[in-house]
Amino acid sequence: MGEYESLDELNYLASLLDEMDEHDLAAFEVIAGAGEYCYSLKDLINLTGNLDCFHYLAGVENDYDLGYYWVEESGCYDTENMGALARYIDYERFGRDIQLEEGGTFTSGGYVQKRDSLDEFYDGMDVPEEYRVFSMEPTGHEMTMTTGVTLC
């Protein structure tokens with residue numbers, strides 16, 4: 001992001017983040033922290049409405065954690081019916097294979113995998129009126145700025 005970002009866009013983003021629950025906010029931080037979807041405020045604003053396009057696993061930070069999650073916690077495998085064979089599962093190798101197949105990314109906050117393409121609901125141009133900090137109002141031949149929404 002540049003040093004001259006729009007106050008209106010910053011207020012819009014702050015309002016969207018303020019409306020998120022803890023899980024979504026954590027997912028947003030991890031996904032944005034991965035660096036792929038945060039080139040501009042427009043990207044960050046659009047990311048807030050596209051968190052369902054990602055598979056986020058909090059606390060899964062390496063191949064072993066990912067393999068363990070899929071075998072023991074996801075419910076995909078019944079290790080009780082595997083008997084003694086379950087002791088030979090290589091969680092790290094299994095997790096590495098899953099990560100390579102899915103193309104996911106490990107971050108300090110968890111594992112992120114993009115599942116769907118993101119929808120662009122904000123075009124980077126028209127900040128909704130309720131999030132505008134300043135608006136230009138015509139008064140005869142001049143334009144005067146009036147204060148709009150209070151910054152979050």
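Which condition breaks for Tyr37 when tested against (1) assigned to a loop (DSSP other than H, G, I, E, B); (2) more than 30 Å from Val127 (Cα to Cα)?
Going through the list (1) assigned to a loop (DSSP other than H, G, I, E, B); (2) more than 30 Å from Val127 (Cα to Cα), Tyr37 breaks only (2).
Which numbered condition in (1) outside any loop (DSSP other than H, G, I, E, B); (2) at pLDDT below 90; (3) surrounded by fewer than 10 Cβ atoms within 10 Å (Cβ to Cβ) is the only one that Met82 fails?
Single failed check for Met82: (3).
Which fully enclosed strands (runs of 3 or more DSSP E) of segment 91-152 have 1 or more residues being at pLDDT 60 or above, closer than 26 Å to Ala26 by Cα and in contact with a Leu (Cβ under 6 Å, 6 or more places away or on another chain)?
Result: 110-114.
Based on what the data block shows, is Leu66 in contact with a Cys (Cβ under 9 Å, 6 or more places away or on another chain), surrounded by 10 or more Cβ atoms within 10 Å (Cβ to Cβ), part of a helix (DSSP H, G or I) and at pLDDT 90 or above?
For Leu66, the condition - in contact with a Cys (Cβ under 9 Å, 6 or more places away or on another chain), surrounded by 10 or more Cβ atoms within 10 Å (Cβ to Cβ), part of a helix (DSSP H, G or I) and at pLDDT 90 or above - is not met.
If I filter segment 69-79 for residues that are modelled with pLDDT under 90, over 25 Å from Ser15 (Cβ atoms), loosely packed, with under 13 Cβ neighbours inside 10 Å and touching a helix residue (DSSP H, G or I) at 6+ places or on another chain (Cβ under 8 Å), do I get at least one hit?
yes
Could you check segment 98-125 and list, in sequence order, the residues that are polar (S, T, N, Q) and free of Cβ contacts under 8 Å to residues at least 60 places away in the same chain?
Gln99, Gln113
The values are calculated or read from the model by the stated rules, or taken from the named source; none is laboratory data. Every value quoted in this text rests on a predicted model; they were computed, and no experiment measured them. Glycine also receives a Cβ, built like all others from the backbone with ideal geometry; neighbour counts cover every protein chain displayed.
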